[in-house]
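S.K.: Have a look at this one before I ask anything.
The values are calculated or read from the model by the stated rules, or taken from the named source; none is laboratory data. Keep in mind it's a predicted model, so treat the numbers as computed, not measured. Quick reminder, even Gly has a Cβ in these numbers, built from the backbone with ideal geometry, and neighbours come from all protein chains shown. Calculation scope for accessible area: heavy atoms of the full protein, side chains included, ligands and nucleic acids excluded. Shrake-Rupley method; radii C 1.70, N 1.55, O 1.52, S 1.80 Å.
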Amino acid sequence: MSNKNFIKDFIGIQEVNITNYEETEKEIFLHIELEVKEHKCPCCSEPTTRIHDYRIQRVTDIPYRNKKVIFVYRKRRYVCPHCGKRFYEENTFLPRYHQMTNRLSAYIIERLRNTDSFSKIAREVGKSTSTVIRVFDLLSFSKPKLPKVLSIDEFKGNTGKEKYQVIITNPATHQVLDILESRKKLDLIQYLREYDKTERLKVEYFISDMYKPYKEIAQTYFKNATIITDKYHWIRQSTWAIERVRKDIQKKFSKEYRIYFKHSRKLLLAYYDKLNLEQQQQVNVMLSVSADLSTAHFLKEWMYKILKIDNKEIAIKEFKQWIDEANESGIKEFQSATTAYKNWYREITNSFCQNLTNGFTEGCNNKIKVLKRNAYGYQRFDRFRKRILFMFTEAA
């Protein structure tokens, strides 16, 4: 196979003839032209093969070997012998008035599925950042339909005038449904009111953290849904409590012992039965210095065991006993946790024996943070929303 035929197969445009090939340190130039063929006049529809003139057009294609690829296109213009109309030849790779190939536009769009910034992709394809953004802005996303399982969470986006944006997902199918500009209650209500009541009533499960407006909105607009507090968010009330106990106790020790306690904090938070013998002995040494810390560790371990109970009725009974025990412990940090548990009792117990959590949503938030960090933030919310939705949309 000749070199030119190999290049033709590589670029994937069989209709072109490659007349010359040049390569520099940073760029590859392919001189191309099309075969002469009969065209219909766009005015009178009469066929013609009569050539009027040529012009040279430089067209950017997808990069190859980290080099910018440029088509030096010898563009042919035909003339109609009947009406005198002059027009350019037809091709399948270059839209009218464009300076990049169709597949370069598709390549840019596909590259935007990851967390790279617009400017990085622009450098890669040899185009300006504004050109990459202009290609991306051609995409659009409509408002989604509500699923049976709805998860909601906020993340720190700092986009537009708001500090926190809201992500709505379907954790059952691992789909990101929408991104909202604000987590304020009135803004959330305005968004949900755009849905028909019959569609809202089809939502069976509503999962969120312990942000009060979420629960109030779910009770009002998703009356048929079981409201579930995400396990991670209510369990950490207990882990926060034991952490505060540890910090208060270690303040009373010498610097060396304080550092030891601080560096060993993960052992206190870990599930005791999963530690090896040496690690368990380290935990026992720390617990021996304080009765409060020993009680806090006992309550934390008990809470972990409640999570493993498969029977909902038994789990609820154990949870009630845990609340009573924590209140009677006299440890203010755990008494504060029980207040939160009582306020969210129904939503927390709904999470028992349910595999529905905000885990997928939290994972999406982490990826969004990477996107925001790579781009040094987004000023326009509409573009930020579109980029997130496209990033989590599966390729066709």
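S.K.: When you go through T169, T173 one by one, which is the residue that is outside any helix (DSSP H, G or I), among the polar types (S, T, N, Q), within 15 Å of L150 (Cα to Cα) and open to solvent by 30 Å² or more (accessible area, probe 1.4 Å)?
M.R.: Checking each option against the conditions leaves just T173.
S.K.: Say we look at segment 108-147 and pick out the residues that are open to solvent by 70 Å² or more (accessible area, probe 1.4 Å) and touching a strand residue (DSSP E or B) at 6+ places or on another chain (Cβ under 9 Å); which of these is nearest to R385 (Cα to Cα)?
M.R.: Going through the qualifying residues, I end up with K143.
S.K.: Taking segment 77-100 as the region of interest, how many residues are out of contact with any helix residue (DSSP H, G or I) (no Cβ under 9 Å at 6 or more places or on another chain), without any contact (Cβ under 8 Å) to a residue 60 or more places away in the chain and in a loop (DSSP other than H, G, I, E, B)?
M.R.: Qualifying residue count for the region: 10.
S.K.: It is to be established whether one or more residues within segment 118-133 are touching a Leu at 6+ places or on another chain (Cβ under 6 Å), more than 24 Å from R65 (Cβ to Cβ) and not in a loop (DSSP other than H, G, I, E, B).
M.R.: No.
S.K.: State all residues of segment 90-99 that are surrounded by fewer than 16 Cβ atoms within 10 Å (Cβ to Cβ) and either under 22 Å from Q14 (Cβ atoms) or modelled with pLDDT of 95 or more (or both); if no residue qualifies, say none.
M.R.: E90, T92, P95, R96, H98
S.K.: State whether the residues of segment 321-338 include one that is within 32 Å of the chain's Cα centre (by Cα) and of a type outside the set (S, T, Y).
M.R.: Yes, that holds for at least one residue.
S.K.: Test I189 against the criterion of being within 22 Å of T229 (Cβ to Cβ), surrounded by fewer than 20 Cβ atoms within 10 Å (Cβ to Cβ) and under 24 Å from the mean Cα position of the chain (by Cα), and give yes or no.
M.R.: When the stated conditions are applied, I189 passes them.
S.K.: List the pairs whose first member sits in segment 348-371 and is among the aromatic types (F, W, Y), whose second member is assigned to a helix (DSSP H, G or I), and whose Cβ atoms are under 8 Å apart, counting only residues at least 6 apart or on separate chains?
M.R.: What qualifies is F352/K312; F352/A315; F352/I316; F352/F319.
S.K.: So, in segment 195-234, how many residues would count as being of a type outside the set (S, T, Y) and buried (at least 18 other Cβ atoms within 10 Å of the Cβ)?
M.R.: Total meeting the criteria: 17.
S.K.: Turning to a different aspect of this structure: Specify the residue that is farthest from the chain's Cα centre (by Cα); the eligible residues are those in segment 130-168 that are within 18 Å of R183 (Cα to Cα) and among the acidic types (D, E).
M.R.: Taking the candidates together, the pick is E162.
S.K.: Does any residue of segment 32-47 turn out to be more than 22 Å from T92 (Cβ to Cβ) and assigned to a strand (DSSP E or B)?
M.R.: no
S.K.: May I ask you to list the residues in segment 176-187 that are within 23 Å of K367 (Cα to Cα) and among the hydrophobic types (A, V, I, L, M, F, W, C)?
M.R.: Correct list: V176, L177, I179, L180.
S.K.: Has segment 148-161 got at least one residue that is surrounded by fewer than 15 Cβ atoms within 10 Å (Cβ to Cβ), among the charged types (D, E, K, R), over 27 Å from A337 (Cβ atoms) and at pLDDT 95 or above?
M.R.: Scanning segment 148-161 turns up at least one residue that is surrounded by fewer than 15 Cβ atoms within 10 Å (Cβ to Cβ), among the charged types (D, E, K, R), over 27 Å from A337 (Cβ atoms) and at pLDDT 95 or above.
S.K.: With the requirement that a residue be more than 30 Å from V289 (Cβ to Cβ), in a helix (DSSP H, G or I) and of a type in the set (V, I, T), what does segment 217-255 give you?
M.R.: Result: I217, T220.
S.K.: Do you know which residues across segment 73-122 are closer than 29 Å to C43 by Cα and among the aliphatic types (A, V, I, L, M)?
M.R.: Hits for segment 73-122 are V79, L94, M100.
S.K.: Quick check: anything in segment 256-266 touching a residue at least 40 places away in the same chain (Cβ under 8 Å), assigned to a helix (DSSP H, G or I) and out of contact with any Gly (no Cβ under 6 Å at 6 or more places or on another chain)?
M.R.: No, that holds for no residue.
S.K.: Filter segment 12-31 down to the residues that are among the charged types (D, E, K, R), surrounded by fewer than 12 Cβ atoms within 10 Å (Cβ to Cβ) and in a loop (DSSP other than H, G, I, E, B) and list them by number.
M.R.: E25, K26
S.K.: Also, I was wondering about something else. Just give me the residues in segment 176-186 being surrounded by 15 or more Cβ atoms within 10 Å (Cβ to Cβ) and either out of contact with any Pro (no Cβ under 6 Å at 6 or more places or on another chain) or under 16 Å from Y378 (Cβ atoms) (or both), in sequence order.
M.R.: V176, I179, L180, E181, S182, R183
S.K.: Anything in segment 181-202 that is in contact (Cβ under 8 Å) with a residue 40 or more places away in the chain and among the hydroxyl-bearing types (S, T, Y)? List them, or say none.
M.R.: Residue satisfying the conditions is Y195 alone.
S.K.: Mind checking which pairs have a first residue in segment 298-314 that is more than 20 Å from A241 (Cβ to Cβ) and a second that is of a type in the set (S, T, Y) and at pLDDT 90 or above, Cβ under 9 Å, 6 or more apart or different chains?
M.R.: Final answer for the pair search is K312/T349.
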